[in-house]
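After the structure tokens below, expect a handful of questions from me.
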Amino acid sequence: MILRVGSRGSRLALTQAELAADALRYANPDLDVALVPMTTAGDRDRSKPFGEIGERGVFVKEIEEALLAGRIDIAVHSAKDMTSTDTEGLAVGAFLPREDPRDALCGADGLAPGMRIGTASVRRRVQLLALEPGLTIEPLRGNVDTRLRKRGERGLDAIVLAAAALDRLGLAADVGHRFDPEELVPEAGQGAVALQVRAGEEELVAAADDPETRRRVTAERACVARIGGGCLAPVAAHHDGDVLTALIAAEDGSWIERRRGDDPAALADELLAAVR
């Protein structure tokens, strides 16, 4: 049996697709896996802010369309790139064991007034400015290798990336500081890899599913979905295994509300009530 596995074509995405393929082969040694690299809207336009490219899911839409059309059998995504609710006709059949969910500072071992920090994430920007109001946050897009290169080219003091991405690419030595989730609440799903299939075909990948990662990421996504946010909004949620922490903020960073609890819906409602 040959399974066609679709993913973005970046080095990180292909590394994650290989991790998924290895997990599937481990469960079924007779399985043949063919990787199908694809280009998304977020890959084609690396200059505009995400909000000018599309609403949400700018790194998954084309891959999901290929899955629905039957051109691939499995889609592999960084879970944080997905929308907070499942696309109609599709389901996450498996989450690989989660790696480090934290945000990482590259180029410095901490924050200080006057530093120029590169990130395209509104979520990161508002939280960084809450930690150190004297920072200058500059937009920075591109894949991991591109952003690391641009840090030097533009003379930035540091950039912020997902720690798991750096670890998977063997770039952990570039990390100067890993932000505790109490400092910087991660994106829902950050550090997790999702294997998406057509609804009803979950058994294709079920053997690769990590139940604890699913439990945590499902809670995070449910909270963000109820708030109504996604990767374009200053909304975050992180489950540490014991408790769920969620955050909502003004895009200009003028206010941030953070709550902790057990029930994703109740936590989201508490946050929404706080900002009305």
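The values are calculated or read from the model by the stated rules, or taken from the named source; none is laboratory data. This is a predicted model, so every value here is computed, not measured. Counting neighbours? That spans all protein chains shown, and the Cβs are built from the backbone with ideal geometry, glycine included. Heads up: the accessible areas ignore ligands, DNA and RNA and are worked out on the full protein's heavy atoms, side chains in. Shrake-Rupley method; radii C 1.70, N 1.55, O 1.52, S 1.80 Å.
Of the conditions (1) part of a loop (DSSP other than H, G, I, E, B); (2) out of contact with any Pro (no Cβ under 6 Å at 6 or more places or on another chain), A165 fails just one. Which one is it?
(1)
Then there is this: So, in segment 60-98, of the ones that are more than 12 Å from the chain's Cα centre (by Cα) and charged (D, E, K, R), which residue ends up surrounded by the most Cβ atoms within 10 Å (Cβ to Cβ)?
The extreme case among them is E64.
Let me ask something additional. If you check V160, V122, which single one turns out to be β-branched (V, I, T), closer than 22 Å to I256 by Cβ and at pLDDT below 95?
Of V160, V122, the one residue that is β-branched (V, I, T), closer than 22 Å to I256 by Cβ and at pLDDT below 95 is V122.
Can I ask one more? Tell me, yes or no, whether segment 254-262 has at least one residue that is of a type in the set (D, E, K, R), farther than 18 Å from R125 by Cβ and touching a Cys at 6+ places or on another chain (Cβ under 6 Å).
no
Can you tell me which residues in segment 210-233 are part of a helix (DSSP H, G or I) and either open to solvent by less than 40 Å² (accessible area, probe 1.4 Å) or under 24 Å from E65 (Cα atoms) (or both)?
The answer is T213, R214, V217, T218, A219, E220, R221, A222, C223, V224, A225, I227.
Among the residues of segment 1-37, count how many are charged (D, E, K, R) and outside any helix (DSSP H, G or I).
Selection size over segment 1-37: 4.
Take segment 14-25 and flag every residue that is more than 19 Å from the chain's Cα centre (by Cα) and either buried (at least 19 other Cβ atoms within 10 Å of the Cβ) or touching a residue at least 40 places away in the same chain (Cβ under 8 Å) (or both).
A21, A23, L24, listed by residue number.
Here are A172, A165, A207: which of them is within 28 Å of E65 (Cα to Cα), open to solvent by 40 Å² or more (accessible area, probe 1.4 Å) and not charged (D, E, K, R)?
Residue meeting the stated conditions: A207.
Okay, next question. Is it true that A233 is modelled with pLDDT under 95, farther than 30 Å from L3 by Cα and not hydroxyl-bearing (S, T, Y)?
So A233 fits the description; yes.
Next up: Across segment 234-276, which residue is most open to solvent (accessible area, probe 1.4 Å) among those that are hydrophobic (A, V, I, L, M, F, W, C) and assigned to a loop (DSSP other than H, G, I, E, B)?
Once the filter is applied, the top-ranked residue is W255.
Let me ask you something else. Is it the case, given these coordinates, that V144 is over 26 Å from I227 (Cα atoms) and open to solvent by less than 30 Å² (accessible area, probe 1.4 Å)?
Yes.
What are the residues in segment 2-16 that are of a type outside the set (K, R) and over 15 Å from G93 (Cα atoms), if any?
Of everything in segment 2-16, those that are of a type outside the set (K, R) and over 15 Å from G93 (Cα atoms) turn out to be I2, S7, G9, S10, L12, A13, L14, T15, Q16.
On to the next question. For residues that are outside any loop (DSSP other than H, G, I, E, B), touching a residue at least 12 places away in the same chain (Cβ under 8 Å) and not β-branched (V, I, T), tally how many sit in segment 65-105.
Qualifying residue count for the region: 17.
Filter segment 112-136 down to the residues that are open to solvent by 50 Å² or more (accessible area, probe 1.4 Å) and outside any helix (DSSP H, G or I), then identify the one that is nearest to V235 (Cα to Cα).
Here the residue is P133.
Continuing with the same structure: I need the full set of residues from segment 131-157 which are in contact with a helix residue (DSSP H, G or I) (Cβ under 7 Å, 6 or more places away or on another chain) and over 16 Å from M115 (Cα atoms), in order please.
Result: G142, N143, V144, D145, L148.
Out of everything in segment 172-209 that is in contact with a Gly (Cβ under 8 Å, 6 or more places away or on another chain) and assigned to a loop (DSSP other than H, G, I, E, B), what residue ends up being nearest to L3 (Cα to Cα)?
My answer is V205.
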